[in-house]
Amino acid sequence: MFHNKKSKAAALLMTFTLSIGLIAGCSGNNDGNMERGNTGTTDTASEDLKPLTITAFFEDQNPNWNNMQDDVSKILKEKTGVTLDAEFAVGDPQQKISLMAASGQYTDIISAKGDIGKLVDAGGVIDLTDLIDKYAPNIKRVLGPYMNRAKYTTKDQAIYSIPTYAAVGETRLSAVGGFQLQHRVVKEAGYPEIRTLQDYEKVIKDYLAKHPIDENGNKNIGVTLNADDWHMFISVTNPAVSVTGGSDDGEYFIDQESHEAIYHYRRPEEKEYFRWLNHMNAEGLLDSEIFVQKYDQYKAKVATGRVLGLIDQAWDFGGGVQALRAAGKFDQTYGHYPVTMSKDIKQPDFWPTGFMGGYGISISSTAKDPVRIIKFLDYLASDEFQILNNWGVEGKHWNMENGKRVVPKEVQDRINNDGTAFTKESGIGFYTNMMVHYGDGVKDETGNYYTKSNPDQIPLGYSDADKETLAAYGATTWKDLFPKEDEFTEKAYGGAWNIQIPGDDEVTILAEKMKDITWKRIPEAILAKPADFDKIWDAYQQDLIQAGVERMEKGFTKYVQDRVALWNEGAH
């Protein structure tokens, strides 16, 4: 199954969010003050400290990975004896996974995300159920009642990957999505309400009319999108769901009662969103280079400060924002707004999923020491390491003051203004999606939050420009502008985007066909003359039907309904 790569693209997510004190994740327990009980489980790493190199492949990128020369990794090596020989995806990670499956040559551990089915089909990964039961007390403690959600399918209830992309007990506290506007744009407009596409368009259009050229004589850009490879899902196509009030379920829209799935582009409401992008293009408000620029070019363009609006996730454009902050161009950084097609639609970014299970870390069938590897992964799940990964080294990155973890001002200043270099040196956040972990809003035994994305830390990551804009809207954090979790009903299946589907299933094969059609037709529809939009859209819909989209929807519906059934088998 193809998917939106959301997870939460996580190494980049951590890089950006830690630089501003925000960590995004998946919704879970809605008690922001949930505390983990003391089970007596030790945090001590494996007693076997003989040097061991574990080879690894991760589908997400981590441009800041420092070959374990960072502060967090050095301590991890001391505690476990393990060195990670890690490779992070460049380009399309599916090609690497397919090559592994075809050749039978695997790294010791693999984060295959939605491509895990290919490895299962090829016999490339092992069932971890017994290893977890015998050697992983921390993993068992953290997953607790959610162990069912780690199982592969209802037919095959093996655990082929330990869920690491979903956080246990999480209440998301940071808004990193929505539609982005530079602070200077909303300030000049007098901080108007930004709730609809028309509101968003108007402030951009008005600003460009007054300021077509930047201070260096270059053209300002209304809105740019990131359409390079899988980023197409994040920046170009996923927003069509959220602006029409749909939950993020990857390439599908799921009926919350029947759990029936449709390919979300077939919804009439979404046609109107793409018509709006077509209109923005025709008006000259959309960047003309969207479908030819590469990711690095996109980030570099954001870093110039010329782009007034973005439709993307903060972790995807964070590199550009870091450059703006380093240059002191804080009024050219962005606020996050809950834009929808009309004011009667609730922006669904905080629609709770519960603990999603799904994507995670697998041990390959060729790994020489699965027991040592599972003990290593278990140490990552310990309180000791979760705190190290999230906060860094005590005495260097944080201090305990009156029973509370506090980040010194000079460290926070580095995080805010030199986040990329700080992340590379510290290693904070590098292991989040390699380990079973608690989420935002969960407290440890000391009464401190596991993550920095908490009410005390979030405002510390804001610049004066952020605070000025938030104050103008009567808000303390960006999340204050969005509909809250309790305005929605928790989804019974978590997030459909991380449902694991066998690689040889017809759903997977058809999904690739639909992706090819969509990635051809959507750009064509956006860039067309407005008079031609309906004709192109109708042809697109016919292409989908002829390619078997209805069979794909029926097949995927079965997987969604099966997951609901599996999770209800004595689960939490």
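Since every read-out is calculated from the coordinates, none of them should be taken as a lab result. In this text, all values refer to a predicted model and were calculated from it rather than measured experimentally. As a convention, Cβ positions derive from the backbone with ideal geometry for all residues, glycine included, and neighbour counts pool all protein chains shown.
Exposure proxy shown here: for Asp486, Asp562, the number of other Cβ atoms within 10 Å sets the order, fewest to most, as Asp486, Asp562. Judged by the mean number of other Cβ atoms found within 10 Å, the most tightly packed of the peptides 210-218, 429-437, 150-158 leads the ranking 429-437, 150-158, 210-218.
This model, with +1 at the C-beta of Lys and Arg and -1 at the C-beta of Asp and Glu, gives the range 240-357 a dipole about its Cα centre of some 580 debye. Set the bar at 22 Å for Cα to Cα. Now go through Lys74/Lys443; Lys79/Lys375; Lys329/Lys396; Lys343/Lys554 and name every pair that lies beyond it. Result: Lys74/Lys443; Lys329/Lys396; Lys343/Lys554 exceed 22 Å.
Spatially, the range 197-223 and the range 477-498 are offset by 32 Å when compared through their Cα centroids. Counted by neighbouring Cβ atoms within 10 Å, the residues Asp466, Asp108 run from fewest to most as Asp466, Asp108. What the Cβ-Cβ distance of Ala547 and Thr154 gives, at R0 = 25 Å and to the nearest 0.05, is a FRET efficiency of 0.35.
For the chain, a crude dipole built from +1 on the beta carbon of Lys and Arg and -1 on the beta carbon of Asp and Glu, taken about the Cα centre, is about 500 debye to the nearest 20. Residues Glu188, Glu553, Glu78, ranked from the fewest to the most other C-beta atoms within 10 Å, line up as Glu78, Glu188, Glu553. Our note on the geometry: Cα centres of the range 362-413 and the range 291-328, 30 Å apart.
Give the residue from Thr476, Ala465, Pro455 lying farthest towards the positive end of the charge dipole for the range 416-518; charges sit on Cβ (+1 for Lys and Arg, -1 for Asp and Glu) and the dipole is referred to the Cα centre. The residue sitting farthest along the positive end of the dipole is Ala465.
Of the cross-linked pairs Lys113/Lys452; Lys271/Lys520; Lys299/Lys467; Lys404/Lys452; Lys271/Lys535; Lys205/Lys467, those separated by over 18 Å at the C-alpha level are Lys113/Lys452; Lys299/Lys467; Lys205/Lys467. Its DSSP H runs of at least 4 residues, each contributing -39,500 (n - 2.57), put the calculated 222 nm mean residue ellipticity of the chain at -11000 deg cm²/dmol, to the nearest 500.
Just how far, in whole angstrom, is the range 503-562 from the range 111-150 if you go by their alpha carbon centroids? First find each Cα centre; the distance between them is then 32 Å.
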